[in-house]
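Presented below is the structure to which this report refers.
Please treat every number below as a calculation from the coordinates, not as lab data. The structure presented is a predicted model; accordingly, all values stated were derived computationally and were not measured. Positions of Cβ are backbone-derived with ideal geometry, glycine not excepted, and every protein chain shown enters the neighbour counts.
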Amino acid sequence: MPKNMNQSINKYFFILALVFLSACKVSKDVATPDTGLPVTFRNAGQATDSAGIADLPWQSFFTDATLKQLIGKALEQNYDMQLALKNIEAAQLQLKQTKWGYVPDARIQAGASTSRPSDNSLNGLSLGQFLGTRHIEDYSASLVLSWEADIWGKIRNQQKAALAAYLQTGEARKLVQTDIVAGVSKGYYNLLMLDAQLDVARRNLALNDSTLRMIRLQFDAGQVTSLAVQQAEAQRLEAAQLVPQFEQNITIQENALSILAGELPAELKHSSGLQNVAFPENPGTGLPSALLSRRPDVRSTELQLDIANARVGIAKANMYPTLSITANGGVNAFKASNWFNIPASLFGTVAGNLAQPLIQKKQLRTQYQLAGVEREKAVLQFRQSVLAAVGEVSDALVKIDKLKSQYAIANARVATLQQAISNASLLFQNGMATYLEVITAQGNVLKSELEISMLKRDQLNAVVDLYRSLGGGWK
């Protein structure tokens with residue numbers, strides 16, 4: 001067989017061997033584990049449709065115009081959101097960088113040197129006899145290329161890890177957005193509750209003023225003692241103290257909402273009342289399996305498993321031989337005048353290098369074992385995130401159900417106590433009830449009306465918690 005044909009066969013065989021080795025996989029990925037999700041959530045009815053409230057964009061889920069304006073402003077100006085966007089930008093640059101992993105490194109280098117060997121050395125004698133000089137000069141300019149064959153998938157795994165990290169930053173942005181949406185809405189509902197409680201305190205203060213005037217008239221008529229006046233005054237002062245307390249809390253809540261929206265603290269103009277905000281009676285949850293794709297935190301832990309798989313592959317590949325090829329070509333001369341004498345000054349070299357790590361203080365083996373442990377931790381973290389997500393949905397569902405019952409009971413209690421106040425006042429005016437009964441009735445109404453505002457706020461927050469826990473808010 002001709003020599004040239006043998007060389008061609010060897011060359012093609014070498015290329016095929018490289019391709020085969022590049023397809024090798026030195027480590028096996030751990031698949032996303034089965035989470036064993038239930039068919040339906042606890043405290044939820046039988047789910048027949050995969051769609052739920054989490055599929056609604058936040059603009060459709062919330063109906064209050066002021067709240068929607070606040071959320072939109074917060075998503076645009078909140079600093080946590082801006083940082084999340086910068087993290088996405090940085091991860092995108094890292095991902096683009098890894099796409100150059102298969103491209104050879106290239107650099108241009110130029111150099112000039114001179115050396116003066118000993119007159120008694122072989123080089124010194126040769127220079128003196130043949131060139132008539134005591135020193136030798138060297139001038140070179142070349143293009144250097146180096147390339148490492150991705151035999152064991154190291155570069156491929158680096159790209160895989162970079163892609164998963166980039167996707168993680170996207171999930172982190174979604175998580176920040178869901179937290180902002182939930183935080184703004186809860187803060188807004190708390191502000192509405194404080195407004196309602198301030199109104200209750202002012203109405204109760206006016207009622208106490210009326211009661212105090214009535215008791216003073218009876219005191220002047222000698223029908224009650226000074227103790228009755230003192231207790232009525234104390235009751236009035238207790239109601240009056242609530243007014244500045246709620247005004248203070250309103251200002252603090254407005255400041256918190258302003259800062260969350262990336263603005264300086266300011267008064268928040270709003271016209272909605274707490275009782276005017278409503279959500280669907282039975283919000284749909286969809287299927288539990290949808291949590292894996294909807295919840296940003298669950299999706300992030302799943303991507304972390306992809307990163308851990310890639311790092312195991314990289315650590316394993318570091319233990320195997322590496323094949324690198326270098327090429328160097330340019331011009332070289334020992335006289336500056338001949339430096340660019342083409343083609344006489346041209347030179348070129350090509351070299352291949354195969355290196356197998358042997359003993360590195362067991363560092364490579366330890367790194368591989370650590371990568372395996374991190375992968376096992378990623379599996380556990382994924383399972384934990386799924387479990388926590390399912391628990392949060394169940395918690396929100398039971399809150400919605402039980403708060404509804406508590407609100408109905410509290411509402412009936414308020415109606416009864418308001419009727420009791422009217423009856424107590426009439427009976428007191430006719431001498432059939434004591435001032436203590438009037439004061440007690442008024443105190444009970446105040447407490448119950450404040451409590452019913454809190455229950456209404458808690459109901460709204462529970463629906464928001466359900467929306468967030470199902471993975472809603474980032475669309």
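Note on residue 384/residue 28: beta-carbon distance plugged into 1/(1 + (r/R0)^6) with R0 of 25 Å gives a FRET efficiency of 0.60.
The modelled label-to-label distance between residue 398 and residue 135, using points 7 Å beyond Cα along the C-beta direction, is 8.9 nm. The mean sequence separation of alpha-carbon pairs under 8 Å and at least six residues apart, normalised by the residue count of the chain, gives a relative contact order of 26 percent. Full extension of the chain between residue 116 and residue 143 yields a length gain of 7.0 nm, computed as 0.36 nm times the residue separation minus the alpha carbon distance.
Listed by chain and number, the aspartates and glutamates whose C-alpha is less than 13 Å from the C-alpha of residue 475, apart from same-chain residues fewer than 8 away, are 55, 171, 179. For the chain, the longest principal axis of the Cα atoms and the long axis of helix 3-22 meet at an angle of about 20 degrees. What the phi angles of segment 114-119 give under the Karplus curve with 6.51, -1.76 and 1.60, with θ = phi - 60°, is a coupling list of 9, 9, 10, x, 5, 4 Hz, glycine and proline written as x. Please enumerate, by chain and number, the lysines with C-alpha under 25 Å from the C-alpha of residue 447, excluding those fewer than 8 residues away in the same chain. Within the straight-line cut-off, residue 447 pairs with 186, 399, 402, 404, 456. Each label was represented as a point 7 Å from its Cα along the Cα-to-Cβ direction; for residue 108 and residue 249 these points are 7.3 nm apart.
Rounded to the nearest 20, the Cβ-based charge dipole of segment 62-115 about its Cα centre (Lys and Arg +1, Asp and Glu -1) stands at 180 debye. A 23 angstrom limit on the alpha carbon distance is what I want to check against. Which of 28/377; 174/269; 86/316 exceed it? Beyond 23 Å: 174/269; 86/316. With bins 20 Å wide beginning at 0, the percent of Cα pairs of the chain falling in each bin runs 16, 30, 24, 16, 9, 4, 1, 0. Straight-distance candidates among the lysines for linking to residue 99, with alpha-carbon spacing under 18 Å and chain neighbours fewer than 8 residues away dropped: 154, 160.
With each label modelled as a point 7 angstrom along the Cα→C-beta vector, the residue 76-residue 278 pair spans 3.1 nm.
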